[in-house]
Amino acid sequence: MTIKQYVEKQGKLGYNELPFNEVDGLILSLLSYINFTGVMPENKMTKITVSETSTLFFKKNNIKDIKVVAPSFIKKVIELFRIMASSIRYKDMLLYNYVNEVENDTQFGAISILLPDETVFIAFEGTDDSIAGWKEDCQLTYQFPVLAQQKAAIYLKRSTSLFGPKIRVGGHSKGGNLAMASYMLADFLTKRKVLNIYNYDGPGFRKKEFDSKNYQRMEQKLEMYIPEESFVGMLLRHPNHYTVVKSNAKRFYQHDGMSWLTNDSTFQKGKLSDRSKRLEKRVFRWICSYDEEERQKMVTALFAILERAGVKGLSELRITKINKIIALIKENQNMEKETRRFLLNAFKKLLLEKEEQ
C-alpha cells in the first residue's frame with residue numbers, strides 16, 4: 001500500500017483497534033509541511049480538529065490554485081490531509097501550536113497533535129522549497145546548533161509541562177534532524193516526557209555531537225527510517241540501526257515520504273541500495289577532508305552561485321537553471337578544485353534525472 005492507500009484503508013480503524021505505529025508517525029510528520037497560516041487559531045494553545053482545520057483550509061485555499069502553485073510533494077500531502085479529515089482514525093485529532101517561520105537563512109515549522117490515546121505528537125517540518133531551508137541544511141556540516149535546532153528545542157520545552165501528556169517527537173527530512181536535536185538540547189525534565197523520537201530520512205550530526213552523551217541518550221529512544229535509495233538520511237554521522245523502507249519512486253525521489261510503501265501497520269522492509277552506500281561513503285569522505293571553516297566557505301560559495309542563477313526555490317531547479325548553475329561552477333576559479341569537481345558531478349547527475357522524467 002502507498003501512504004495514501006494506508007489512510008484510506010486504516011483510516012476506518014480507531015486507536016482501540018489499531019494503536020499508534022511507525023506509519024502514523026510519518027503521516028503526522030508530513031502534516032507539518034502544510035501552510036496553515038491564517039487557518040489555525042491566533043491563540044497557539046487553542047486546539048482545533050483535523051476535520052475543522054481541513055474545512056477552513058480549503059475555504060481559504062482554492063484547490064485549483066494549489067495545483068498550480070504548490071510543489072508536487074506538497075500537493076500530495078494536502079490531498080492526504082483532505083482524506084484524513086473524513087477518516088475515523090484522524091478526523092478528531094486536535095491540532096495546535098502551529099509555527100511557520102522563514103527568515104534570512106532560517107526556515108522552521110512545527111505543529112502539535114493531540115492523539116486519541118492522550119499522547120501528543122510534535123511534528124517538525126522538513127526542508128521546504130525555500131533556499132533558506134536548504135542553506136541551513138548545509139550549515140549542519142559545520143555548525144551546531146543551527147538556529148532551527150535551537151527553535152526546535154524551545155518549541156519542545158514549551159510543549160511540555162510537569163503534569164502534561166507524554167510526547168512523541170518526529171519529522172521527515174530536516175524535521176527528523178530537528179526532532180533528534182530538540183531532545184539532545186532539552187533539559188532533564190523535558191526528556192522524561194518524551195516516549196519516542198522518529199526520524200524519517202533526516203540527516204545526522206557532526207562527529208562532536210555524534211560522540212556526545214546527549215546523542216547516546218537520544219539514540220535509545222530513536223526510530224529511524226530511510227528508503228532504499230536514501231541520500232539525505234545518509235548525510236553526516238547517523239545510527240547503524242535503521243529500517244530501510246520500500247518506495248515506488250526512483251533514486252533521489254524516494255526521499256518523498258508519500259512514495260513509501262506500507263503493510264497494515266508497518267512499512268514494507270527493503271534493502272539499502274549499493275548506489276546509496278557508495279554515495280554515503282563519497283560524501284562522507286568529501287566532508288571529512290575539510291575543516292569547518294572550509295565547509296562554511298564552500299556552502300557560502302554554493303549558495304552565491306544559486307543566487308546568481310536566480311534560484312529562489314528548489315522547485316525552480318529545472319533543466320535550464322541547472323545548466324546555468326553548471327556553467328557558473330565551471331567559471332568560478334576561486335573554488336577549490338575538488339569541491340568544483342564534486343558539485344559539477346552532483347548537478348550533472350541531477351540534470352540527468354530531470355531529463356529522464
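The values are calculated or read from the model by the stated rules, or taken from the named source; none is laboratory data. Small disclaimer: the values here were computed from a predicted structure and weren't measured. Here the Cβ positions follow ideal geometry from the backbone for every residue, glycine too, while neighbour counts run over all protein chains shown. To get the accessible areas, we keep the full protein, side chains included, count just its heavy atoms, and leave off ligands, DNA and RNA. Shrake-Rupley method; radii C 1.70, N 1.55, O 1.52, S 1.80 Å.
For the chain, give the share of DSSP beta bridges that are antiparallel, in percent and rounded to the nearest 5; count only bridges with both residues there.
Bridges in the chain are about 55 percent antiparallel.
On the accessible surface of the stretch 81-202, probed at 1.4 Å, how many percent belong to carbon and sulfur atoms?
54 percent
Please build a GNM for the chain, connecting alpha carbons under 10 Å apart, and tell me which residue among 174, 157, 60 fluctuates the most.
Between 174, 157, 60, it is 60 that shows the largest mean-square fluctuation.
Would you pull out the residues with amide H under 5 Å of residue 243's amide H, same chain only if 5 or more places away, H placed 1.01 Å from N?
Distant-sequence amide H within range of residue 243: 224, 225, 226.
For the stretch 10-146, what D do you get in µm² per second when you plug the Kirkwood radius from alpha-carbon pairs into Stokes-Einstein at 25 °C and 0.890 mPa s?
Numbers: Rh = 15.9 Å.
In µm²/s, the coefficient is 155.
Mind checking the full-extension length gain between residue 64 and residue 15? Use 0.36 nm per residue of separation minus the Cα-Cα distance, one decimal, nm.
Extra length available between residue 64 and residue 15 comes to 14.2 nm.
Would you please give the residues with an amide H less than 5 Å from that of residue 49, counting only those at least 5 places away or on a separate chain, with H modeled from the backbone geometry?
Long-range HN contacts for residue 49: 95.
Compute a Gaussian network model of the chain, connecting alpha carbons closer than 10 Å, and tell me which residue from 170, 14, 233 fluctuates the most.
Comparing 170, 14, 233 in a Gaussian network model of the chain, the most mobile one is 14.
Only four residue types carry charge here, +1 at the Cβ of Lys and Arg and -1 at the Cβ of Asp and Glu. Report the dipole size of the chain about the Cα centre in Debye, rounded to the nearest 20.
Dipole magnitude for the chain comes out near 500 debye.
Taking 30 Å as the cut-off for C-alpha to C-alpha distance, list the pairs among 60/324; 47/221; 193/297; 221/337; 9/166; 91/157 that go past it.
From 60/324; 47/221; 193/297; 221/337; 9/166; 91/157, over 30 Å: 60/324; 193/297; 221/337.
Which FRET efficiency, nearest 0.05, do residue 102 and residue 294 yield, Cβ-Cβ r, R0 30 Å?
Approximately 0.60, to the nearest 0.05.
Using 0.36 nm per residue, how much length does the chain from residue 88 to residue 281 gain when fully extended, once their Cα-Cα distance is taken away?
Full-extension gain reported as 65.0 nm.
Under 17 Å Cα-Cα from residue 246, which aspartates and glutamates qualify once same-chain neighbours fewer than 8 residues away are excluded?
22, 24, 201, 223, 228, 229, 256, 264, 274
³J(HN,Hα) across the stretch 32-39 via Karplus (A = 6.51, B = -1.76, C = 1.60, θ = phi - 60°), whole Hz, x for Gly/Pro?
So the J values, rounded to whole Hz, are 5, 6, 6, 7, 9, 4, x, 10.
Would you mind calculating the gained length between residue 237 and residue 214 on full extension (0.36 nm times residue separation, minus the Cα-Cα distance), in nm to one decimal? Could the numbers behind the result be given before it?
Values: separation 23, 0.36 × 23 = 8.28 nm, distance 1.45 nm.
Working it through step by step, the gained length comes to 6.8 nm.
From the phi of every residue in the stretch 286-295, what ³J(HN,Hα) in whole Hz does the Karplus formula 6.51 cos²θ - 1.76 cosθ + 1.60 yield, where θ is phi - 60° and glycine or proline is x?
With coefficients 6.51, -1.76 and 1.60, one gets 5, 5, 5, 7, 10, 7, 5, 5, 5, 4 Hz.
Give a residue-ordered list of calculated ³J(HN,Hα) values for the stretch 277-285 (Karplus: 6.51 cos²θ - 1.76 cosθ + 1.60, θ = phi - 60°; whole Hz; x for Gly, Pro).
Those phi angles translate into 5, 5, 5, 4, 5, 5, 5, 4, 5 Hz.
Find the all-direction average of the projected area of the Cα convex hull for the stretch 146-277, expressing the result in square nanometres with one decimal place.
Quarter of the Cα hull surface area: 8.3 nm².
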